[in-house]
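Novice: My questions all concern the structure below.
The values are calculated or read from the model by the stated rules, or taken from the named source; none is laboratory data. All values derive from a computational prediction rather than experimental measurement. So basically every Cβ, Gly included, is an ideal-geometry build from the backbone, and we count neighbours across all protein chains shown.
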Amino acid sequence: DARVTQTPRDKVTEMGQEVTMRCQPILGHNTVFWYRQTMMQGLELLAYFRNRAPLDDSGMPKDRFSAEMPDATLATLKIQPSEPRDSAVYFCASGPGGSGANVLTFGAGSRLTVL
Amino acid sequence: AQKVTQAQTEISVVEKEDVTLDCVYETRDTTYYLFWYKQPPSGELVFLIRRNSFDEQNEISGRYSWNFQKSTSSFNFTITASQVVDSAVYFCALSEINNGQNFVFGPGTRLSVLP
């Protein structure tokens, strides 16, 4: 089965540290989404890429978060500096794109704890 | 703006009972897709079904069935003869039909199936 791979699976860090989460989308998929899941807010869309270009990052706190796709096989989400309120599970999902809405395949998530 | 409401926060049933999870959506688009995803305790989001707004036929897949009613903007999900393995959080989602942007999730319904 094709999978979306996310690293790290778990990260514990201290406030103020930089955190980088990585995602390898399914080969051939040209859309990549980043979501954040918390108990209070549920699943929030942070950023969306199509063909490596960022199309929507309005859900992302711009002052500390950044999302990039250096190449078609890697998407990154960086938080600098991290804060305790960033503690959440971060999901990456990829889709085949094309006409019609994507069926998104999700990674297993990266659980971030900021102390 | 697009919005998905899942009014049931948590549901508990006893094994073999039928259970229906409600989903109501709002969109100004005339064409869109609706989805259900399952998030078992392992945390990964698993795709269950996609339905486009042109197709109001109900769908059945094994013990799962979906009732799409455009007139009431609802896309309800029924599990027949529930099993303990059905225990999970279930998310309903809505997406634009043209390019898959703005993939919006509901808050989820936590289903507990007791033995």
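A quick yes/no check of all residues on (1) more than 14 Å from chain B (Cβ to nearest Cβ); (2) out of contact with any Cys (no Cβ under 6 Å at 6 or more places or on another chain); (3) assigned to a strand (DSSP E or B):
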{"position": "A:Tyr48", "(1), (2), (3)": "no, yes, yes"}
{"position": "A:Pro54", "(1), (2), (3)": "no, yes, yes"}
{"position": "A:Gly59", "(1), (2), (3)": "no, yes, no"}
{"position": "A:Lys62", "(1), (2), (3)": "yes, yes, no"}
{"position": "A:Ala67", "(1), (2), (3)": "yes, yes, yes"}
{"position": "A:Pro70", "(1), (2), (3)": "yes, yes, yes"}
{"position": "A:Leu77", "(1), (2), (3)": "yes, yes, yes"}
{"position": "A:Ser82", "(1), (2), (3)": "yes, yes, no"}
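Novice: Among the residues of the stretch B:59-115 satisfying the criterion of being in contact with a Gly (Cβ under 7 Å, 6 or more places away or on another chain) and surrounded by fewer than 20 Cβ atoms within 10 Å (Cβ to Cβ), which is modelled with the highest pLDDT?
Specialist: B:Pro107
Novice: Considering the stretch B:46-58 alone, what residues qualify as being in a strand (DSSP E or B) and either under 13 Å from the mean Cα position of the chain (by Cα) or loosely packed, with under 14 Cβ neighbours inside 10 Å (or both)?
Specialist: B:Val46, B:Phe47, B:Leu48, B:Ile49, B:Arg50, B:Arg51
Novice: Okay, moving on. Residue pairs, Cβ under 6 Å, 6 or more apart or interchain, first in the stretch A:17-31 and assigned to a strand (DSSP E or B), second surrounded by fewer than 18 Cβ atoms within 10 Å (Cβ to Cβ) and among the small types (Gly, Ala, Ser). List them.
Specialist: A:Thr31/A:Gly97
Novice: Just to be sure, is A:Tyr90 under 10 Å from the mean Cα position of the chain (by Cα), buried (at least 17 other Cβ atoms within 10 Å of the Cβ) and under 25 Å from B:Thr30 (Cα atoms)? Before the answer, list the steps.
Specialist: Details: under 10 Å from the mean Cα position of the chain (by Cα): yes; buried (at least 17 other Cβ atoms within 10 Å of the Cβ): yes; under 25 Å from B:Thr30 (Cα atoms): no.
In short, no.
Novice: With respect to the numbered conditions (1) within 15 Å of the chain's Cα centre (by Cα); (2) without any contact (Cβ under 8 Å) to a residue 24 or more places away in the chain; (3) exposed (fewer than 14 other Cβ atoms within 10 Å of the Cβ); (4) within 11 Å of another protein chain (Cβ to nearest Cβ), which one is the sole condition not fulfilled by A:Arg9?
Specialist: (2)
Novice: With the structure loaded, tell me whether A:Thr31 is under 18 Å from B:Glu44 (Cα atoms), modelled with pLDDT under 95 and surrounded by 13 or more Cβ atoms within 10 Å (Cβ to Cβ) or whether it fails that test.
Specialist: Judged against the criteria, A:Thr31 is not a match.
Novice: Restricting the stretch B:64-93 to residues that are of a type in the set (Gly, Ala, Ser) and within 14 Å of chain A (Cβ to nearest Cβ), which is nearest to A:Asp1 (Cα to Cα)?
Specialist: Only one residue fits best here, namely B:Ala88.
Novice: Turning to a different aspect of this structure: Starting from the stretch B:50-63, keep only residues that are away from chain A (no Cβ under 14 Å), then list their pairs with residues that are not charged (D, E, K, R) whose Cβ atoms are within a distance under 6 Å, requiring at least 6 positions of separation or different chains.
Specialist: Correct list of pairs: B:Glu56/B:Phe68; B:Asn58/B:Asn67; B:Glu59/B:Trp66; B:Arg63/B:Ile79; B:Arg63/B:Thr80; B:Arg63/B:Ala81.
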